[in-house]
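Worksheet: one structure, shown below.
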Amino acid sequence: NTIRLGVGKSSAISIPNNDNLQLDGFTFRSSTYTFICTSDCDNLTLSNNTFLGGQSAGSGDGTGTIRIQGSSDSNRAENLKFLNNNVSRGYPYTWYWSQTKVGTSTEVAALYTDHMGSGMQITSNSFNGYFNGLVLYSNNTNSGKNAIITYNNISYIGDDCLELESYANGYNISYNRQNYCYVAISTSAAPSIGNGGTTYLHNNIVMNNLQV
């Protein structure tokens, strides 16, 4: 199954209000967002898919080619499973950090979550060629609990391979390989915006860090 869409301000696939959805074995090509789930994204499973393109996401909104979001603090995306997918722009990130970190349309992540709920699992995926790799937001201390982020390959990233934002709570980040990125794992916002809880970082491999 292949879904193609030319580069533009649209999504190859946009899914609102769908619980218990599983997509397996698709190829998504181009567009601003390659995949977006806009609300009520509980129990969403994306597995064995290829996401190509999605290299911009609007003027400096910092969001991702794959965006998983709840609609509010009371309606968070629970139990997301992102397994064995390939997410790539098709070539390494080549813009200079100083030219991008000013709110440009190229300040985009491979995978971006906001209003993230509990029980997220991101395992055995490949992310390649974006300004950020994974940007993970939660919005209060009752959300974003116990995420498992393991065995992923994240490479050729212009800024942060893993960016943990507010209220990281009980994350297990282990056995990931980060190669050719500026910052392998950023936790700068996690402890400063609320008391999210303990995040466990262990057995990750970091190689060939870039210079700004």
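The values are calculated or read from the model by the stated rules, or taken from the named source; none is laboratory data. No experiment lies behind these values; they were computed from the predicted model shown. As a convention, Cβ positions derive from the backbone with ideal geometry for all residues, glycine included, and neighbour counts pool all protein chains shown. Just so you know, the surface numbers come from the protein's heavy atoms only, side chains and all, with ligands and any DNA or RNA stripped out. Shrake-Rupley method; radii C 1.70, N 1.55, O 1.52, S 1.80 Å.
Residue by residue, the range 129-135 carries 3J(HN,Hα) couplings of x, 10, 5, 10, x, 10, 10 Hz when phi is fed to the Karplus relation 6.51 cos²θ - 1.76 cosθ + 1.60 (θ = phi - 60°); x denotes Gly or Pro. Placing dummy labels 7 Å off each Cα toward the beta-carbon, the span from residue 198 to residue 151 is 2.4 nm.
Here's how it looks for residue 120: its modeled amide H is under 5 Å from those of 79, 80, 147, 148, which are all 5 or more places away or on a different chain. One decimal place: the segment residue 50-residue 27 gains 7.8 nm when fully extended, by the rule 0.36 nm per residue minus the C-alpha distance. Take 121-133, 171-183, 148-160 and order them by the average number of nearby Cβ atoms within 10 Å per residue, most first; the result is 121-133, 148-160, 171-183. A probe of 1.4 angstrom, applied to the heavy atoms of all protein chains, finds residue 78 with accessible area near 50 square angstrom. A simple spin-label model places pseudo-atoms 7 Å from Cα toward Cβ; at residue 205 and residue 126 they are separated by 1.5 nm.
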